[in-house]
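Asker: Below is the structure I would like to discuss, written out as structure tokens.
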Amino acid sequence: MARILSGYNPKRLILPARNKEKGNRILEFIKSSNGHVNNVEIWEIDFADLQSVKNFANKFINEVRELHMLFNNAGYVGGIEIIKTKDNLESQFQINHLALFLLTLLLLNMIKKSVSAKLPGKIAFTSSSVHFSGEIDFDNLNLQKGGYWNPFQAYGNTKLMNVIIAKELGRIIQNENITTYSLHPGVIKSNASNSSDIFGYFVITIIMLFGETAEQGAINTLYPVLSPENTKMGKYYHEGIEKEPREIANDQEIAKKF
């Protein structure tokens, strides 16, 4: 995604990274691919730390002062044990949803001021087709209750949250020249999963057998956002094609409460 976006030679492309060293490897990759790195920057952020998200947003507001496109693409698939963040929240809930939502809200006023009818803004949430198995339990959003831990269920819940927020946020800002999206990029071959337990090993095996390339995943993510005809508010896209999400995502009362 970073390589493709840099190919448009944007005024400024900020790539948030949890690990600065790994982030710098992205710059080397982009440089070796097309050379457009002059306006690409790596900024540190840790979505497992809400203060880090706030620090990032404050720095962005003070130093960059304009924002036209926001891709909320960070994601985490947990293992068979519940892992807590620095904020004492379940990791998937915070990294896949809460931190991204917080970052979006902190930067929203800046986006509103930056865009116009001629140059509209875009906010995208990378979700997953697993959201069809997701549930919204207002008494257990932090996934703390219950006995048996199902990481797929937890992941599905957070990805459903992405879809709901994209739709509801889109409804709220529909007159602000900003379009919101949620999307499933496909099952992508990457090293993002945790292989330290049986669950992680199983996930990686499935991905490597049936997954799509990172290039295709990037295209599936970028196409709905960059395509000029995709201007419908809060729509969900499956591998680049508009699709109806799980029915609960269209329930406005649930969305407003959430």
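Asker: May I ask you to verify whether Val53 is in a loop (DSSP other than H, G, I, E, B) and either touching a residue at least 60 places away in the same chain (Cβ under 8 Å) or closer than 20 Å to Arg18 by Cα (or both)? Step through it out loud before you land on a result.
Answerer: Details: in a loop (DSSP other than H, G, I, E, B): no; either touching a residue at least 60 places away in the same chain (Cβ under 8 Å) or closer than 20 Å to Arg18 by Cα (or both): yes.
For Val53, the condition - in a loop (DSSP other than H, G, I, E, B) and either touching a residue at least 60 places away in the same chain (Cβ under 8 Å) or closer than 20 Å to Arg18 by Cα (or both) - is not met.
Asker: Does the stretch 64-73 contain at least one residue that is of a type outside the set (Val, Ile, Thr), surrounded by fewer than 19 Cβ atoms within 10 Å (Cβ to Cβ) and assigned to a helix (DSSP H, G or I)?
Answerer: There is no residue in the stretch 64-73 that is of a type outside the set (Val, Ile, Thr), surrounded by fewer than 19 Cβ atoms within 10 Å (Cβ to Cβ) and assigned to a helix (DSSP H, G or I).
Asker: Something else about it: So, Val163, is that one among the β-branched types (Val, Ile, Thr), outside any strand (DSSP E or B), buried (at least 18 other Cβ atoms within 10 Å of the Cβ) and modelled with pLDDT under 95 or not?
Answerer: On the way: among the β-branched types (Val, Ile, Thr): yes; outside any strand (DSSP E or B): yes; buried (at least 18 other Cβ atoms within 10 Å of the Cβ): yes; modelled with pLDDT under 95: no.
Answer is no for this residue.
Asker: Gln153 versus (1) modelled with pLDDT under 95; (2) under 27 Å from Thr179 (Cβ atoms); (3) polar (S, T, N, Q): which is the lone unmet condition?
Answerer: Condition not satisfied by Gln153: (2).
Asker: Do you know which residues across the stretch 94-115 are within 17 Å of the chain's Cα centre (by Cα) and surrounded by fewer than 21 Cβ atoms within 10 Å (Cβ to Cβ)?
Answerer: Answer for the stretch 94-115, where residues must be within 17 Å of the chain's Cα centre (by Cα) and surrounded by fewer than 21 Cβ atoms within 10 Å (Cβ to Cβ): Phe101, Leu102, Thr104, Leu105, Leu106, Leu107, Leu108.
Asker: Please return the ranges of helices (runs of 4 or more DSSP H) entirely within the stretch 184-258 where 2 or more residues are at pLDDT 85 or above.
Answerer: Numbers: elements: 198-210, 214-226, 252-257.
Counting at least 2 such residues, we get 214-226, 252-257.
Asker: Among the listed residues Lys118, Lys11, Lys22, identify the single one that is more than 28 Å from Ile172 (Cβ to Cβ), of a type outside the set (A, V, I, L, M), surrounded by fewer than 18 Cβ atoms within 10 Å (Cβ to Cβ) and at pLDDT below 95. Write out each step before concluding.
Answerer: On the way: Lys118 fails: more than 28 Å from Ile172 (Cβ to Cβ); Lys11 fails: more than 28 Å from Ile172 (Cβ to Cβ).
The match here is Lys22.
Asker: While we're looking at this one, here's another question. So the check is Cβ under 8 Å with 6+ separation or different chains; which pairs have a first residue in the stretch 56-79 that's among the acidic types (Asp, Glu) and a second one that's surrounded by 16 or more Cβ atoms within 10 Å (Cβ to Cβ)?
Answerer: Final answer for the pair search is Glu66/Met110; Glu66/Ser114.
Asker: Look at Ile165 and say whether it is more than 16 Å from the chain's Cα centre (by Cα) and within 17 Å of Ala255 (Cβ to Cβ).
Answerer: On the way: more than 16 Å from the chain's Cα centre (by Cα): no; within 17 Å of Ala255 (Cβ to Cβ): yes.
The answer is no for Ile165.
Asker: Might you let me know whether the stretch 42-49 holds any residue that is at positive phi, modelled with pLDDT of 90 or more and charged (D, E, K, R)?
Answerer: Of the residues in the stretch 42-49, the ones at positive phi are none.
No, because not a single residue in the stretch 42-49 is at positive phi, modelled with pLDDT of 90 or more and charged (D, E, K, R).
Okay, residues lined up against (1) over 23 Å from Val163 (Cα atoms); (2) touching a strand residue (DSSP E or B) at 6+ places or on another chain (Cβ under 8 Å):
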site	(1), (2)
Ile61	yes, no
Glu66	yes, no
Lys84	yes, yes
Gln94	no, no
Lys122	no, yes
Phe138	no, no
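Asker: Taking the stretch 21-50, which residues are in a helix (DSSP H, G or I) and either touching a strand residue (DSSP E or B) at 6+ places or on another chain (Cβ under 7 Å) or under 20 Å from Asn96 (Cβ atoms) (or both)?
Answerer: Once the filter is applied, which keeps residues that are in a helix (DSSP H, G or I) and either touching a strand residue (DSSP E or B) at 6+ places or on another chain (Cβ under 7 Å) or under 20 Å from Asn96 (Cβ atoms) (or both), the stretch 21-50 yields Lys22, Gly23, Asn24, Ile26, Leu27, Ile30, Leu50.
Asker: Mind checking which residues of the stretch 102-120 are part of a loop (DSSP other than H, G, I, E, B) and touching an Asp or Glu at 6+ places or on another chain (Cβ under 8 Å)?
Answerer: Val115
The values are calculated or read from the model by the stated rules, or taken from the named source; none is laboratory data. Keep in mind that what you see is a predicted model, and the values were worked out from it rather than measured. Counting neighbours? That spans all protein chains shown, and the Cβs are built from the backbone with ideal geometry, glycine included.
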